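Contents: one structure, followed by commentary.
The values are calculated or read from the model by the stated rules, or taken from the named source; none is laboratory data. Since the model is a prediction, treat every value here as computed from it, not as a measurement. Heads up, the Cβs are rebuilt from the backbone with ideal geometry, glycines too, and the neighbour counts pull from every protein chain shown.
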Amino acid sequence: MEINDLFLKIDPNDWELFAEDFFSNFGYKILSRAAVGQDGGKDLIIEKDGDKILVSCKRYSKSVGLKDEINIIDRMEQHDCNVFLGFYSSNVSQGLHDRINSMNSNNRQINYLNGSNIYDYMKKMPADVLEKYFEEPHKLSKEFGEIFSNAELLCEGCHGNILEVNMRYSSEIGFDINYDEKEIKILWGHKKCIPKLSLSLTITELMYTEERQKFDEYIKSLLDDGFKVDYSKLYKIKREFEKIQIPPYWGTYI
């Protein structure tokens, strides 16, 4: 799936509402909200650090071209803005790109965010905001091959990869803790393949940064108390989960 295909699932009117949430998340003040229908070329007016910014929101299946973005400077003057920012789900044509660059001056800034730029920033947005516009926001990276790309942890019973999407709900990583011998035995696999453990979390839980940190802190406290563990297994967990970790901005496990 390409990035623009993801954005095309959003209703065109909701694209402007998404822009409001997007900029609010990064500290911009909304001065004039988006409206459906004729708006004099103004989709959204925002402000930050003394700049008054005219945002033009376009959710297109094709590239945004010269005919799609006209009278930029006139629109900026009409709304007393010193910055113009395109908020585009797709790319821009070379012609529009060149025109935007040619219109910049000491008194005005003209720029745009394309779909790829927007997607990169989305990784720093909370899940409760993204859920308004996308299904299962924690899987967004996965759609572009960034989650579960090559992560592998084989079940100690059946040897299936427990990090695969259809395996993670029924699989867990845990520790069998022997307090008398001060030993920690690490096990991972499908719940049906491994014995009941003293401490365990499902793969889904461990994907969330906050849950992983709690897990790590507890194990560290045991190691500080002199418990022994197979460090090669700990390092393998760390290495593989770095490939699938859900960004902390995307919420906690519920």
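Answer yes if at least one residue in the range 170-181 is at pLDDT below 85, surrounded by 18 or more Cβ atoms within 10 Å (Cβ to Cβ) and among the charged types (D, E, K, R), and no otherwise.
no
Can you pull out the residues in the range 215-242 that are surrounded by 14 or more Cβ atoms within 10 Å (Cβ to Cβ) and closer than 20 Å to S171 by Cβ?
F215, D216, I219, K233, L234, K236, I237, E240, F241
If the Cβ limit is 8 Å and pairs must be 6+ apart or interchain, which residue in the range 24-39 that is outside any loop (DSSP other than H, G, I, E, B) pairs with which residue that is at pLDDT below 90 and surrounded by 13 or more Cβ atoms within 10 Å (Cβ to Cβ)?
Partner pairs satisfying both residue conditions: N25/M125; N25/P126; N25/V129; S32/K42.
I'm trying to understand the selection: among the residues of the range 156-207, which are under 19 Å from V229 (Cα atoms) and not in a strand (DSSP E or B)?
Result: E156, Y179, D180, E181, K182, I194, P195, K196, L197, S198.
Restricting to the range 75-90, give me the number of residues that are over 15 Å from L44 (Cβ atoms), touching a residue at least 12 places away in the same chain (Cβ under 8 Å) and surrounded by fewer than 19 Cβ atoms within 10 Å (Cβ to Cβ).
The qualifying residues number 1.
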